[in-house]
Amino acid sequence: MVGESERPSVLQAFGFTERQARFLVLVLEHAGVCLPRQYRAFSGIAHGRHTHRFFEKLIRGGYATTDLAAPAHAGRVYHLQYKPWYRLLGEPDHRHRRPMSVGRAVERLMVLELHTRYRRLLGKAQLKPQVITAVGRELLGFVWAIGVWVERHPSAPLPLAAQAADGSRP
């Protein structure tokens, strides 16, 4: 097991930049899945070849898969499953590594989104109560969107995010 501050440098040994390694550690610890949009937001870069090459390298190296049957409008969901990386975290059989339903993946993407927002706001030297309020508002936005959808579609099955939130699984 590698210390928390050393984790990104260990992933750099796999040929990733420091920024890419920090993002991978974040995903491994908090979600196990990610979207290219989240990497771009984390890195502060625009859509383009850097993002494409990074995710292509994850797939080519066998570090991630895209086998989740996510809706096309969601984009590709990348699932980091490479066991040696989880072994570095001290949890080779971590639950984020295991296969998951689309509903569970959506739930974990929301967790990653909220965590990234929290860290970004703290990094801007915001006061902690303000940061917590901002993240709480975003979480409330997720819940509100689910509620509005359910209200408009009373007889339809719950959307994937709501299925993940209420504990049921597709």
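In whole Å, what three semi-axes, largest first, describe the equivalent ellipsoid of the range 13-57 built from its Cα gyration tensor (square root of 5 times each eigenvalue)? Numbers along the way, then the final one.
On the way: eigenvalues 47, 34, 18 Å².
The answer is 15, 13, 9 Å, longest axis first.
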| said: Under 5 Å between amide hydrogens, which residues at least 5 positions from H94 or on another chain qualify, with H placed 1.01 Å from N in the peptide plane? | reply: none
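For T51 and F14, what does the FRET efficiency come to when R0 = 30 Å and r is the distance between their Cβ atoms, rounded to the nearest 0.05?
On the way: r = 18 Å, r/R0 = 0.60.
Efficiency computed from Cβ-Cβ geometry: 0.95.
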| field | Whichever lysines have a C-alpha closer than 17 Å to that of K83, once near sequence neighbours (fewer than 8 apart) are set aside | value | K57
| said: Which residue, M110, M100, V131, has the largest displacement toward the positive end of the dipole of the range 60-142 when charges sit on each Cβ (Lys, Arg +1; Asp, Glu -1)? | reply: V131
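No lab work stands behind these numbers, since they all come straight from the coordinates. Please read all numbers here as calculations on a predicted model, not as lab measurements. FYI the Cβ positions are ideal-geometry reconstructions off the backbone, even for glycines, and counts take in every protein chain you see.
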